[in-house]
Amino acid sequence: MIVSFEYFSFFAIFSALYSIPPVIITFKMFVFYFKKRRTLNPNTIHPALYQQFLIMQILNICHVITSFFTMRIPDAALLDMTFICYMNNFLRFLMLFNHAVVYAKNLSTISFCLIRVFLLFTETGKDASFIICITLFNFPISFLLALPTYFMNVTCIGPSDSKFPTGSFMIISDSENGNMNTSKIIEVLIYPFFIIMILLLNICMFWKLGQSRKLSTVVRRKYDRNAERSLTITMTLILLPVIINSSIAISNILNHFNCVLYLIRPWFIDARAHIIVCYFYFTHPIFRRRLVSAGRVKTLKTRETR
């Protein structure tokens with residue numbers, strides 16, 4: 001049942017529509033991996049780095065999906081979802097799953113940056129596969145970090161801000177209601193950790209890249225500058241949404257609610273999932289070479305028919 005159609009409703013619909021192209025691109029990247037994984041090498045993109053990017057992207061998309069059920073649809077009052085407010089076990093599981101996805105997404109981002117830095121420092125990257133094994137521990141760790149949220153009281157309340165449409169509601173837990181508990185302590189500690197780790201890994205990356213460029217100039221080592229540039233900017237793009245999104249999350253945890261920040265945060269959640277994958281797909285040489293090769297084959301076939 002449609003309750004209202006206001007700004008929040010428009011935002012929910014629009015954000016759902018512009019999520020479609022990045023999801024399609026992610027699917028294409030999976031197809032590309034399964035078809036061309038044997039051709040991947042450190043000179044183009046290391047298989048371990050490509051695999052970790054896909055893991056990170058899937059978790060980013062999962063977070064976008066969970067944010068629709070925990071925030072965007074209830075906030076917009078686009079659909080009458082008040083019935084879930086009477087399903088306490090479902091609400092607690094929904095909050096548990098949402099927190100677990102957020103932690104897993106951020107840990108997978110750190111793993112992606114870690115693999116990138118590891119490959120830069122080792123150059124050959126023959127032992128990078130062990131980091132993929134380490135990332136498998138991200139999932140149980142994320143679940144354990146999120147587990148305290150399942151044992152909290154979860155309720156639905158009407159937003160006090162008049163900017164929200166009639167019929168909207170917010171799903172909140174004890175950690176968002178001013179109570180300092182285990183879940184809130186974990187969030188206050190873990191978000192700065194995410195920011196610091198990604199900042200440090202980016203600093204290490206730029207320092208090592210500076211050294212590598214000087215060395216390649218001296219020994220005239222050949223490497224793919226376009227591939228390097230694409231990965232470097234991808235890591236930089238990851239950094240901005242993480243810092244802003246985590247900062248807003250910390251502000252909300254400390255009960256400094258601001259409606260504007262509350263609206264901005266989903267855009268940065270989407271930026272992790274959408275802008276990064278689009279930039280990576282359209283700029284990295286392994287995907288562009290494929291398009292160029294396809295164009296050449298088409299041109300040759302056209303000439304032959306003539």
Check: Within the range 19-59, can you find the residues that are within 14 Å of the chain's Cα centre (by Cα) and more than 13 Å from Ile286 (Cβ to Cβ)?
Finding: Ser19, Pro22, Val23, Thr26, Gln52, Leu54, Ile55, Met56, Gln57, Ile58, Leu59
Note to self: Looking only at the range 38-62, how many residues end up being farther than 21 Å from Ile276 by Cα and assigned to a helix (DSSP H, G or I)?
What the structure shows: 2
Checklist line | Among the candidates Ile157, Ile185, residue that is in contact with a strand residue (DSSP E or B) (Cβ under 6 Å, 6 or more places away or on another chain) and at pLDDT below 85 | finding: Ile157
Notebook entry, point to check: Condition test on Tyr281, is it of a type in the set (Ser, Thr, Tyr), modelled with pLDDT of 85 or more and buried (at least 17 other Cβ atoms within 10 Å of the Cβ)?
Noted result: yes
Notebook entry, point to check: Looking only at the range 11-35, which residues are assigned to a helix (DSSP H, G or I) and either in contact with a strand residue (DSSP E or B) (Cβ under 9 Å, 6 or more places away or on another chain) or touching a residue at least 60 places away in the same chain (Cβ under 8 Å) (or both)?
Noted result: Phe11, Ala12, Ile13, Ser15, Pro21, Pro22, Ile25, Thr26, Lys28, Met29, Phe32
Next item on the list: Tell me, please, whether a residue that is modelled with pLDDT of 85 or more and surrounded by 16 or more Cβ atoms within 10 Å (Cβ to Cβ) can be found in the range 119-137.
Entry: no
Next item on the list: Pull up the range 67-90, narrow it to residues that are within 20 Å of Asn153 (Cα to Cα) and under 23 Å from the mean Cα position of the chain (by Cα), then point me to the one that is surrounded by the fewest Cβ atoms within 10 Å (Cβ to Cβ).
Entry: Phe69
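Within the range 83-92, does at least one residue satisfy the condition of being among the hydrophobic types (A, V, I, L, M, F, W, C), touching a strand residue (DSSP E or B) at 6+ places or on another chain (Cβ under 9 Å) and at pLDDT below 85? Reasoning before the result, please.
Let us first name the residues in the range 83-92 that are among the hydrophobic types (A, V, I, L, M, F, W, C), namely 83-85, 87, 90-91.
When the remaining residues are screened for being touching a strand residue (DSSP E or B) at 6+ places or on another chain (Cβ under 9 Å), the result is 84-85, 91.
Okay, now just the ones that are also at pLDDT below 85, so 84-85.
Within the range 83-92, one or more residues are among the hydrophobic types (A, V, I, L, M, F, W, C), touching a strand residue (DSSP E or B) at 6+ places or on another chain (Cβ under 9 Å) and at pLDDT below 85.
The values are calculated or read from the model by the stated rules, or taken from the named source; none is laboratory data. Not measured: the values here are computed from a predicted model. Ideal geometry is used to build each Cβ from the backbone, glycine not excepted, and the neighbour counts take in all protein chains shown.
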